[in-house]
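The values are calculated or read from the model by the stated rules, or taken from the named source; none is laboratory data. What you see is a predicted model; the values in this text were computed from it and never measured. Cβ: placed from backbone, ideal geometry, glycine included. Neighbour counts: every protein chain shown.
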Amino acid sequence: MHRITNTGRVNLGHLFWLRSLAIIGQLVTIAVVQTFYGAHLPLAAMLTVVGLEVLFNAMTWIRVAGGRAETNLELFGQLWVDLGALSALLFLSGGATNPFVTLYLPSLAIASAVLPWTLMVWLALFAVACYALLTYNFVPLNIENPLNLFDYFRTGLWVNFMVSVGLIGWFVARMSRALRVRDFALADAKERLLRDERAVALGVQAATVAHEIGTPLSTIAMLAEELRVSARNDAHLAPYAGDFELLEQQMSLCTSALARLRSRATGPATRQPLDDWLRGFVAQWRLRHPEVRFELMESGADGLASAQLFVDDPVAVGQILTILLDNAARASSDSVTLAVSAAMHLGDSVIEFDVRDEGPGIPAALRGVLGAAPVDSTQGGHGVGLYLAFSAATRLGGSIELAAVSPHGTHAILRLANTGEAGPQERVAQTGRGIAASVITEK
């Protein structure tokens, strides 16, 4: 059995409503022909067929409400029942001479839209066989006044034409829309896959570089410590004591980045309250840019703790914010602001990290490509860090929005889902792919 996609569930729902309309139309037609055209129909047999259709349609509704994905064979069976019921009603009302005999065509058109060609062929053969049998074997239509037969036939053809046009047009239009939505989703999935593959490749390269620079960093850290100690007793080195201390702090940042990389490789991140995590993150980032005038703005009277906000993946969020803040610091060392708040975005509760700078802003040529692929930046980088930030935010179920500020400056807004006090969210493939952001932070 070949399972169909979500479009199949829509098809089964369509079949239910189409069958419901067909049942109403059958009852109305029987009543009109019996009352106004003086036809003597085998009402008991025909109403039995319609009653079985109603029962089958009720079972179909229960099936639709269950939500399970159907198989193509199940849809084939649904359409086969419709053709069988139509054949039974035509057999009882004139066979192939009944003007409604062409209602086989809308059912076959629907089948061609939802079934593989092999099942469609079998259904078409079944319809042809039924039509052939109805040509020779049927219950003749008994009308009191035979002179009304032509009027009945002409009216029936007109109604049949209108019904066929309506059914085919409605169903094919809905199917075309569903196919367009599916194609759009497939294209978006392919684009995301390509972006993830690029991020994975960069992550592997970053991990390799991190492994290679581990030993040189340890050597530099040891020499910086020795120089700082020597500066206490050496008059020639004493003026550089502050520089040696700053060098040690910067080396500490490098080693902590390597430690985070190792922690991501050994296990999942630990969920933390946003208020507690943010204080430590800001203190660590300020060591990276001690010359930058930085301001942290939090919403709420008692800070973020009152909102019960949590960070599901502190390492990944820290990597993204580090990239955005580093870019802001390079663009404008005069003033960098980080505003953190809980907000509503597109109907969902989110945590917003708004990084603001007063730099020259985003060039118009880069606004459409930033974050989609590595690009050369105005500060001499290659846009790798920002590209990784966008990829990591997407894997976290969030987004990044870049906006120019008048008269100059940039807002980089990171939005993440606000999970409150709920349990940790399972995020597939996040832990391995976000490691590059801690090593590559150039705009």
Exercise for the section: Might you let me know whether region 336-343 holds any residue that is farther than 26 Å from Glu191 by Cα, at pLDDT below 70 and not acidic (Asp, Glu)? Expected result: no
Fill in the blank from the handout: Requiring at least 2 residues that are assigned by TED's automatic domain parsing to the domain that holds Thr35, among the charged types (D, E, K, R) and within 21 Å of Asn57 (Cβ to Cβ), the helices (runs of 4 or more DSSP H) wholly within region 67-174 are 72-91
Problem - Filter result (surrounded by 18 or more Cβ atoms within 10 Å (Cβ to Cβ) and of a type in the set (S, T, N, Q)) within region 315-336 - result: Gln319, Thr322, Asn327, Ser332
Practice task
Please identify the pairs in which a residue from region 45-71 that is farther than 15 Å from Leu18 by Cβ has its Cβ atom under 8 Å from the Cβ atom of a residue that is outside any helix (DSSP H, G or I) and of a type in the set (Ser, Thr, Tyr), counting only partners at least 6 apart or on another chain.
Solution key: Met46/Ser93; Ala69/Thr5
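One line per residue, one yes/no per condition, for (1) at pLDDT 80 or above; (2) more than 15 Å from Val32 (Cα to Cα); (3) touching a strand residue (DSSP E or B) at 6+ places or on another chain (Cβ under 7 Å):
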site: Tyr136; (1), (2), (3): yes, yes, no
site: Val139; (1), (2), (3): yes, yes, no
site: Asn148; (1), (2), (3): no, no, no
site: Gly156; (1), (2), (3): no, no, no
site: Leu167; (1), (2), (3): no, yes, no
site: Arg180; (1), (2), (3): yes, yes, no
site: Leu186; (1), (2), (3): yes, yes, no
Practice task
List every residue pair whose Cβ atoms sit under 7 Å apart, with the two residues 6 or more apart in sequence or on different chains, where the first one lies in region 156-179 and is free of Cβ contacts under 8 Å to residues at least 60 places away in the same chain and the second, anywhere, is surrounded by fewer than 18 Cβ atoms within 10 Å (Cβ to Cβ).
Solution key: Gly156/Pro99; Leu157/Pro99
Practice task
Looking only at region 158-198, count how many residues are in contact with a Pro (Cβ under 9 Å, 6 or more places away or on another chain) and of a type in the set (Ser, Thr, Tyr).
Solution key: 1
Practice task
Would you check which residues across region 113-144 are under 15 Å from Gln78 (Cβ atoms) and buried (at least 16 other Cβ atoms within 10 Å of the Cβ) and list them?
Solution key: Ala113, Val114, Leu115, Leu119, Met120, Leu123, Phe126, Ala127
Exercise for the section: Could you please give the count of residues in region 396-417 that are within 18 Å of the chain's Cα centre (by Cα), part of a strand (DSSP E or B) and in contact (Cβ under 8 Å) with a residue 40 or more places away in the chain? Expected result: 4
